[in-house]
Amino acid sequence: MPLSATADTSKTVKLERYNSYLRKIHSTKVLKASSKVLFRATLLIALVLVLLFAVNYHPHSDSHHLHRRSFLSTGLFSSSSSLGEGAAWEKRVRQSSTAKRQHGLSVLVTGAAGFVGSHCSIALRKRGDGVLGFDNFNDYYDPSLKRARQHLLEKNQVFIVEGDLNDGPLLRKLFDIVPFTHVLHLAAQAGVRYAMKNPQSYISSNIAGLVNLLEVAKAANPQPAIVWASSSSVYGLNTENPFSEEHRTDQPASLYAATKKAGEEIAHTYNHIYGLSLTGLRFFTVYGPWGRPDMAYFFFTKDILHGKSIDIYRTQDNQEVARDFTYIDDIVKGCVGALDTAEKSTGSGGKKRGPAQLRVYNLGNTSPVPVGRLVSILEGLLGTKAKKHLIKMPRNGDVPYTHANVSLAYRDFGYKPTTDLAAGLRKFVKWYVSYYGIQPRVKKENSHADESA
Ligand SMILES: O=C(O)[C@H]1O[C@H](OP(=O)(O)OP(=O)(O)OC[C@H]2O[C@@H](n3ccc(=O)[nH]c3=O)[C@H](O)[C@@H]2O)[C@H](O)[C@@H](O)[C@H]1O
């Protein structure tokens, strides 16, 4: 028995070894199977994430990097800053838009790196309103000037979001972050004559961009009140003088004017259907420090200083061409007045709840000045004679004169221009020579005498 018992024991041991060998194989198989399951699950999660990303990705848009921000803020990641600037960017957006005074406005200023936009943004911020800038920094004119304005705005605690008006997701995102009370919409393709060179840019900014902005604003909750830049050019071939808001505006002389006029009609539609409060401001040839290099007073200054000849247009019947040149500070007061008197939009989330305010105002200087006179003021301020080349106004969309009647803006928000062309150009030239570092060439001592000549 003991032998057999011994024999039995060794059999049992062998059997146990064999069983343990089988268990090992089995457990390895289980391990392999479970790691397969784990691998597949990981693959599935990755796939879901990729699909979600694809849903958020809009290939038709110009600013893909900004959609990455929208994706981050959907909450899939605990911290949006884990992939870059998301949280910091949103913080800047909020800070910039927050008013520093009680009952202050929260204004989205489009075209904030532009001429009128930068001045208005600073003025609003200085009185304690929240201001968020928006600009695409396009290269219609020297973008370094826009960057310099941006720098100035940063010093005044105004942050500019870089983006295009046609980027709906980005605009919606801004309205998700901030309940703007107002939009000051100044972003546009400006310039009367450039419309013959690049007509599509006017459609893209002044029509498609405007509609995109209004679509976002109408769906916002609360809806903001909107004040936006129309143009004196809408009067086109109107011959009644001075131009009043009741005059005809159905004969635009340029595509630029036609897109601004279309903007006024589009404003009517959004006001009618969605209850958006809309105010259009017809600016009359705005000039001043930090101005636009594509405008005549600006490039005349440059050309006179460089000894280049300048073209001075005359009408077909050899009359002087005149403009109601309006100084930037007066325009800023007009914009702020329009914002302060804008009533609230009546709709919310895309539904109209009642009639809303719809306004149009002239913002001009009320005293047209011939272009020849503008040039002699500049000659006096620069201490240099211009090489004048008098030519018939090319058929390029220009009109012979503009002249604003501003009694409506005066009645409704006390608009009263106070800067005449000589005083305004003096301020412009002072800025120009300092900005471009050419101070020594200006004859300061005789500038006053020459201006009044
Ligand atoms: O009120 C507006 O709604 C528009 O104002 C501005 O247009 P304009 O009034 O045409 O200004 P601007 O080009 O400075 O020409 C000034 C004068 O110089 C004459 N002019 C021009 C060029 C030239 O070479 N020679 C010349 O005599 C020219 O015939 C004109 O008489 C804005 O640019 C425009 O964006 C829009 O806002």
What shape does the range 123-215 take by its C-alpha gyration tensor, where a ≥ b ≥ c are the square roots of the eigenvalues and a/c under 1.5 counts as rounded, a/b above b/c as prolate, and the rest as oblate? oblate
Around LEU132, which amide H atoms from residues at least 5 apart in sequence, or from another chain, sit under 5 Å from its own amide H, with H modelled in the peptide plane? VAL107, LEU108, VAL109
Honestly the range 164-264 on the Cα gyration tensor test (a ≥ b ≥ c root eigenvalues; a/c under 1.5 rounded, otherwise a/b vs b/c for prolate or oblate) is just oblate
Taking Rh as the Kirkwood radius computed over C-alpha pairs, what is the Stokes-Einstein D of the range 312-398 at 25 °C in a medium of viscosity 0.890 mPa s, expressed in µm² per second? 145 µm²/s
Between LYS385 and TRP431, what length comes free when the chain is fully extended (0.36 nm per residue of separation minus the Cα-Cα distance, one decimal in nm)? 14.6 nm
What are the ³J(HN,Hα) couplings of the range 389-403, residue after residue, when phi is run through the Karplus curve with 6.51, -1.76, 1.60 and θ = phi - 60°? Round to Hz, x for glycine and proline. 10, 7, 9, 5, 4, x, 7, 10, x, 5, 10, x, 7, 9, 7
For VAL178, the residues 5 or more places away or on another chain with a placed amide H closer than 5 Å to its own amide H are none
Note, ³J(HN,Hα) from phi for the range 239-247, Karplus 6.51, -1.76, 1.60, rounded to Hz, x at Gly and Pro: 10, 6, 9, x, 5, 10, 4, 7, 6
Which of ASP420, ASP142, ASP167 has the fewest other C-beta atoms within 10 Å, and how do the rest follow up to the most? ASP142, ASP420, ASP167
I'd like to compare 215-228, 399-412: which one has the highest average count of other Cβ atoms within 10 Å, and what's the full order after that? 215-228, 399-412
So for R0 = 22 Å, FRET eff. of LYS416-ARG127 from the Cβ-Cβ r, to 0.05, ends up at 0.75
Would you mind classifying the range 287-329 by shape? Square roots of the alpha carbon gyration tensor eigenvalues, ordered a ≥ b ≥ c; an a/c under 1.5 is rounded, otherwise it is prolate if a/b is larger than b/c and oblate if not. oblate
Go through the range 287-295 residue by residue and turn each phi into a ³J(HN,Hα) via Karplus (6.51, -1.76, 1.60, θ = phi - 60°); whole Hz please, and just put x for glycine and proline. 9, x, x, 6, x, 9, x, 7, 8
Least to most buried among SER201, SER230 (fewest other Cβ within 10 Å first): SER201, SER230
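Taken together, the values in this text are just the output of simple stated rules run on the coordinates, not laboratory data. Just so you know, these numbers come straight off a predicted model, no measurement behind them. Virtual Cβ from ideal backbone geometry, glycine too; neighbours counted across all protein chains shown.
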